Amino acid sequence: MRGSPLSRRAAQRFRQLAFLSVGSVKVKLLLGFCIFFTLILFFFRASTFIQWTQHHSFVDQSDLHRKGYTLLINTWKRNDLLKKSISHYAACLRLDSIHIVWSEPDPPSESLNRYLKRIVQKYSKNGRKIELKFDINKEDSLNNRFKEIKNLKTDVVFSIDDDVIFPCSSVELAYSVWQSAPDTMVGFVPRMHWLDHSRGNRDYFEYGGWWSVWWMGTYSMVLSKAAFFHKKYLAMYTNEFPASLREYVAHNRNCEDIAMSFLVANATGAPPIWVKGKIFEIGSTGISSLGGHSEKRTECINRFVAEFGKMPLVSTSMKVVDSRNTWFW
Ligand SMILES: *[C@@H]1O[C@H](CO)[C@@H](O)[C@H](O)[C@H]1NC(C)=O
């Protein structure tokens, strides 16, 4: 029997069949895994979205009588975004006051005023009263967003641009991180710098955007477009920060956020803290998507280093995540 052509062909056929069926089991398993992970991913996305739309919050109610934070929102000729942002953040439970940095030639319109007052009243319940104030500036300067605010009710501000929204749960996590480290800047948008060795002996620094941070897992700044910091830094920026750098920022219409990072790093000698938060961009793309942005930021860093006489920024790789969202991985 051995070696007969018939049995050999049968054996070959059998091997083929066996291979095929094993192959299809593997494919099915792979497909199954794909579907499973897609569902999981979808579930997590959906849950973060629901967190935003329903203003879902896990704040301990007994904590609410304590002082919260002031929303310091920077806006410019985008009333629709301002309304959207404030409608969202007013619902966040630890929010105490709202300060709108207004740098337009015309004062806020009566209808905008009425709209925002109504929003704030809607969420001022059960002994909670949200204060709403416009900080009107005559000149349009990027330094306006860090003007010292007298009689601020809270110790901390949450500095935010009008075109990004973070769920209340993310904001509250960042706020509690700040409470643990009140001298530190705590934010959602990390950036980095590094020494460029190709320039020979001279210390020359490069600015690294989001993809650099993503690639290296390291950062040394969090941007003031979404960050908590102590109100004393507003006073320091206004009264102690080198006037030549404030002029530089105003003239170049850029880098006020890097300036604030330098100021805090110089004061603390410590890195900022990056908190993971889901970002919803509600406006059109800002200046960071324009060409040449990174070169301008690099120039700013080197200009600031020259004035400080050293590089104050400190790098770190620490990232804060909400442990309730990470039970699985
Ligand atoms: C940096 O911090 C030191 C010590 O706190 C201070 O004397 C100095 O003025 C600060 N530098 C700048 C440029 O703000």
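The values are calculated or read from the model by the stated rules, or taken from the named source; none is laboratory data. This is a predicted model, so every value here is computed, not measured. Positions of Cβ are backbone-derived with ideal geometry, glycine not excepted, and every protein chain shown enters the neighbour counts. In case anyone asks, the SASA skips ligands and DNA or RNA and just uses the protein heavy atoms, side chains included. Shrake-Rupley method; radii C 1.70, N 1.55, O 1.52, S 1.80 Å.
DSSP bridge analysis restricted to the range 55-324 gives an antiparallel fraction near 40%, rounded to the nearest 5. Using the Cβ-Cβ distance between residue 39 and residue 135 with R0 set to 41 Å, the FRET efficiency from 1/(1 + (r/R0)^6) comes to roughly 0.30.
Average accessible surface for the range 179-315: 48 Å² per residue, computed with a 1.4 Å probe over protein heavy atoms with every protein chain in place. Highest average first, the peptides 297-304, 158-165 ordered by how many other beta carbon atoms sit within 10 Å of their residues are 158-165, 297-304.
Take residue 92: with every protein chain present and a 1.4 Å probe, its accessible area is about 0 Å².
Residues of the range 162-193 with backbone nitrogen within less than 18 Å of a virtual label 7 Å along the Cα-to-Cβ line of residue 232, please, listed as ranges. Correct set: 178-186.
Rounded if a/c is under 1.5, else prolate if a/b beats b/c, else oblate: with a ≥ b ≥ c from the C-alpha gyration tensor eigenvalues square-rooted, which is the range 158-244? Cα axes put the range 158-244 in the oblate bin. Here the range 55-324 has 51 percent of its accessible surface on carbon and sulfur atoms, given a 1.4 Å probe and all protein chains in place. Between amide H atoms placed 1.01 Å from N, distances below 5 Å from residue 98 occur with 71, 131, 132, 133, all of them 5 or more places distant or on a separate chain. Among the listed pairs 122/278; 147/296; 225/278; 138/232; 129/276, a Cα-Cα separation exceeding 19 Å is found for 122/278; 147/296; 138/232; 129/276.
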